[in-house]
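Notes follow once the structure below has been shown.
The values are calculated or read from the model by the stated rules, or taken from the named source; none is laboratory data. Predicted, not measured: the structure shown is a model, and the values here were computed from it. Because the Cβ atoms are built from the backbone with ideal geometry, glycine has one as well, and the counts that use them run over all protein chains shown. Side chains are part of the model used for accessible areas, which takes the heavy atoms of the whole protein and leaves out ligands, DNA and RNA. Shrake-Rupley method; radii C 1.70, N 1.55, O 1.52, S 1.80 Å.
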Amino acid sequence: MSRRIALSVAAGVVVLGGAGAFALAYAGEEPAPLAHSTARYTAPDGDRDGSFTFATDVTVSSGVKSVKVLAWPESSFSAKNKLTAKDMADVDSAVCKPSGEDTAHCTYSVKVTGADAESSPRGAWHVAVLVTAQDGTTNLDTKAADFTVK
């Protein structure tokens, strides 16, 4: 192999290695994705209320400041127009409890009355989740979990 090719290859390895290290360092500063997310919808039955429950594990190195949860029907405005962190500002928060060094288990639960169920669109629904870390970084997952309203 000629000396010029060997130097070009070595320079390429250094540049790519440096870029890879930068990407890993940058990724380490962002909130990690959600893990083990589940959504469960139980319809009201007679005089018994139903419920909606969402649970997830959140891993953030600086700690979890808040987790906002919004269930939205696939046929809604949110399906046609992408949700933003600003849209999530005034939605309900999940309750989070530490479950590991950098991890919190977060749960959101709400009762569903007969009137709620009657006025809700049938079909596929999604759960949007906005995680805000203690250091102020945010992570929005607009389809963290899915469920069906029948």
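Please list, or write none, the lysines whose alpha carbon is within less than 29 Å of the alpha carbon of K65, excluding same-chain residues fewer than 8 places away. Output for K65: K82, K86, K97, K111, K143.
What does a probe at D92 reach in the stretch 34-50, counting residues whose amide N is under 17 Å from the point 7 Å along Cα→Cβ? Only 38-45, 49-50 fall inside the zone, counting backbone N under 17 Å. Would you mind telling me the share, in percent, of accessible area of the stretch 81-150 contributed by carbon and sulfur at probe 1.4 angstrom? That fraction is 48 percent.
In order along the stretch 126-131, the Karplus-derived 3J(HN,Hα) couplings, from 6.51 cos²θ - 1.76 cosθ + 1.60 at θ = phi - 60°, round to 10, 10, 9, 9, 10, 9 Hz, and Gly and Pro are given as x. Over the stretch 60-150, Cα pairs under 8 Å with separation of 6+ residues give a relative contact order of 38 percent. Run through the stretch 54-117 and list the trypsin sites (Lys or Arg not before Pro) located in a DSSP loop whose Cβ has at most 10 other Cβ atoms within 10 Å. Those satisfying the criteria are K82, K86. Sequentially through the stretch 132-145, phi angles give Karplus couplings (6.51, -1.76, 1.60; θ = phi - 60°) of 10, 7, 4, 7, x, 6, 10, 9, 10, 10, 7, 9, 5, 7 Hz, Gly and Pro residues having no value and appearing as x. Under the combined filter of DSSP loop state and at most 13 neighbouring Cβ atoms within 10 Å, the stretch 34-121 retains these GluC sites (Glu not before Pro): E101. Computed 3J(HN,Hα) for the stretch 89-95, one whole-Hz value per residue from the Karplus formula 6.51 cos²θ - 1.76 cosθ + 1.60 where θ = phi - 60°, is 4, 9, 8, 5, 9, 7, 9, glycine and proline marked x.
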